[in-house]
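Presented below is the structure to which this report refers.
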Amino acid sequence: MNNKILSATTALASIMALSSAQADITVGGTFNGLWGSGDSYASQERISITESAYVTYTDTLDNGMGIEGVMAYESGGGGDFDISFISDMGTVSFGNGLSGGPVDSMDSHPVKSSFASSRKLPQGLSADYEDGDGVTGAAGFDDSNQIVYTSPKINGFTVKAGIGFGTTAGYDDIMAYSISGKIAGFSVKGGIVDEGNTDSRTGDENYMIGIKAPKLAGYTIGYGLYDSDSGDSYTVIGVKTPKIPGLDATFQYEYFDVDNTGATADDDGSIASLQKSFGGGVKASLEYHVASVGSNEDVENFFIGYKIGF
């Protein structure tokens, strides 16, 4: 057991000793698998197989404040730990961002079409932005060290603010903010991530907007805009169908338009996905990605994925 997991275990034990009130402990996790084939792969390739498990401890302290501790482990990724304090004034979380960073809810595009990647861009497309999700992917930042505040709902809206601490010379702390709620039945989300001044970027800010319309005849339609000061931006429009009769699966489609800074031509692409839930936390996905990158012909890739939750 490494020191990180040992420290998390010790912290969880300390939390449990804070209150004699009845506490709840839950255990869960996921198994994920993904295979790819097409222009980007020599043959059918296993892209990723991951397993994760988590333990959640919730309790109420003698002063009425709620407390939640989450300890998670992912294969190949070590152990993570979060602790959150909950009151009428909102929630403050410390740790790895397991409780949700300011723009966590914006990671997935409006209709969540793909199992294939966390940013869910078609294979072959790229966009230069940092989503601020536990400062994942931001070079020089420590995604094991962040603080996030989540407000209570105010007139139906929730506000989040977070800071991820820089741990490398030349990299400032990263700040992230978001607001989400409903306007006239539309789900609306907005987020800003400020990377500060780094060795490679100066004052870069990233903006995200997500809009999801009320369901119409069982159909979901969504729109997303992602923009970076220092690089590309892209928009996405998606639709999710009701369950297909006899198949008990949903068809999801999203079209992406990427504005490449300095390029002679913009890129675009799409994801078509058939997703089926088998109950008991078991889901499967069959996906087709196509992307046109500059003057290159269409890049086509196929994916098969599964998720098992417990």
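The values are calculated or read from the model by the stated rules, or taken from the named source; none is laboratory data. Because the structure is a prediction, the values reported are computed rather than measured. A quick note on method: Cβ atoms are made from the backbone with ideal geometry, for glycine too, and the neighbour counts reach across all protein chains shown.
Summary table below
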{"quantity": "Residue match in the stretch 82-91 (condition: of a type in the set (Val, Ile, Thr), within 20 Å of Val148 (Cβ to Cβ) and out of contact with any Ser or Thr (no Cβ under 8 Å at 6 or more places or on another chain))", "calculated": "yes"}
{"quantity": "Boolean, Ser178 is touching a strand residue (DSSP E or B) at 6+ places or on another chain (Cβ under 6 Å), modelled with pLDDT of 65 or more, buried (at least 23 other Cβ atoms within 10 Å of the Cβ) and part of a loop (DSSP other than H, G, I, E, B)", "calculated": "no"}
{"quantity": "Single unsatisfied condition, Gly262 versus (1) buried (at least 19 other Cβ atoms within 10 Å of the Cβ); (2) modelled with pLDDT under 90", "calculated": "(1)"}
{"quantity": "Condition check for Met65: of a type in the set (A, V, I, L, M, F, W, C) and more than 19 Å from the chain's Cα centre (by Cα)", "calculated": "yes"}
{"quantity": "Residue under evaluation Asp232, criteria (1) at pLDDT below 90; (2) surrounded by fewer than 14 Cβ atoms within 10 Å (Cβ to Cβ), criterion not met", "calculated": "(2)"}
{"quantity": "Hey, Asp204 touching a Lys or Arg at 6+ places or on another chain (Cβ under 9 Å), modelled with pLDDT under 90 and crowded, with 16+ Cβ neighbours inside 10 Å or not", "calculated": "no"}
{"quantity": "Any pair with Cβ under 9 angstrom, 6 or more apart, that starts in the stretch 219-247 at a residue that is closer than 13 Å to Lys276 by Cα and ends at one that is modelled with pLDDT under 90 and crowded, with 21+ Cβ neighbours inside 10 Å", "calculated": "Lys240/Pro110; Lys240/Val111; Lys240/Ser113"}
